[in-house]
Amino acid sequence: MATINYERLQGKLNILADAAKYDVSCSSSAGTRKNQGGGLGDASATGICHSYTEDGRCVSLLKILLTNHCIYDCAYCTSRKSNDTPRAAFSVEEVVDLTMQFYRRNYIEGLFLSSGIFKSGDYTMERLVEVAKILRTRERFNGYIHLKTIPGASKELLLEAGLYADRLSVNIEIPTKSV
C-alpha cells in the first residue's frame with residue numbers, strides 16, 4: 001500500500017469538503033467557529049454534516065466530493081468546467097482511508113459522497129460504488145453511507161450502489177441554454 005502524504009490529503013479535503021457544501025442533502029454543514037486555544041471543541045469547516053436516519057436519529061457524516069473536476073459546464077454548478085476554482089480529486093483508497101480514520105476517531109458515523117464527473121457517468125459511478133464496496137466488504141464498515149448517483153450512470157451500477165449504500169439520491173436540475 002502506498003504511503004499517504006497527509007499534507008496533500010488535507011489540501012484535497014479542504015477543497016472537496018468545501019465544494020460538497022453546495023449539495024443540500026445534509027441538514028447542516030460545519031460552522032466556522034475555531035478553537036482559539038481555550039475551551040472545548042472546534043466547529044471549523046472540516047466536511048462534517050448532520051443528517052437523519054429514517055428512525056429519526058441524527059448522524060454525523062463526512063461530506064465530500066470524490067472530485068470537483070467535471071466534464072460538463074452547467075451554469076448552476078460550482079464544479080462546472082469553466083469555473084475558476086481550485087481542483088482536486090481523491091483516489092478510492094484515500095476516501096476509504098479518510099472515512100475509516102474519521103470514524104475511528106469518533107468524528108463521524110457515516111459518509112456522504114458525491115462527485116463531479118471525471119470521464120463519464122459510468123466511470124465516476126464505478127468509483128463511488130468501489131468506495132462503498134470496499135468500506136462494507138474489506139473494512140467491515142457498518143456505518144451510514146449516502147451516495148449521490150451520477151447522471152448517465154448505467155442501471156447496473158445504480159443497482160450495485162444500492163447493495164452497499166444506505167441511501168442513494170439524485171440531483172434533479174433543470175438545465176437550460178440561458179443562465
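Bear in mind that the values in this text are calculations on the coordinates, not laboratory data. What you are looking at is a predicted structure, and each value in this text was computed from that prediction instead of being measured. All Cβ positions, even for glycine, are placed from backbone atoms using ideal geometry, and neighbour counts span all protein chains on display.
Laid out as a table, the results:
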item	result
Amide H partners (placed H, <5 Å) of Ile48, local residues excluded	Ala30, Lys63
Neighbour-count ranking [beta-carbon atoms within 10 angstrom, fewest first] of Lys148, Lys63	Lys148, Lys63
Ranking of Ser79, Ser120, Ser115 by count of other Cβ atoms within 10 Å, fewest first	Ser120, Ser79, Ser115
Nonlocal amide H pairs with Ile71, under 5 Å, H built at 1.01 Å	Ile117
Karplus (6.51, -1.76, 1.60) ³J(HN,Hα), θ = phi - 60°, over the stretch 126-143, in Hz, Gly and Pro reported as x	4, 5, 4, 5, 4, 4, 4, 5, 5, 4, 6, 8, 6, 8, 6, 7, 10, x
HN-Hα J in Hz across the stretch 77-91 - Karplus 6.51, -1.76, 1.60, θ = phi - 60°, x for Gly and Pro	9, 5, 8, 4, 4, 7, 6, 7, 9, x, 10, 7, 8, 8, 7
Residue-by-residue Karplus 3J(HN,Hα) for the stretch 146-163, coefficients 6.51, -1.76, 1.60, Hz, glycine and proline x	10, 10, 8, 6, 9, x, x, 6, 5, 4, 4, 5, 5, 5, 5, 4, x, 6
For Glu109, residues with placed amide H under 5 Å, excluding near neighbours	Ser60, Leu61, Leu62
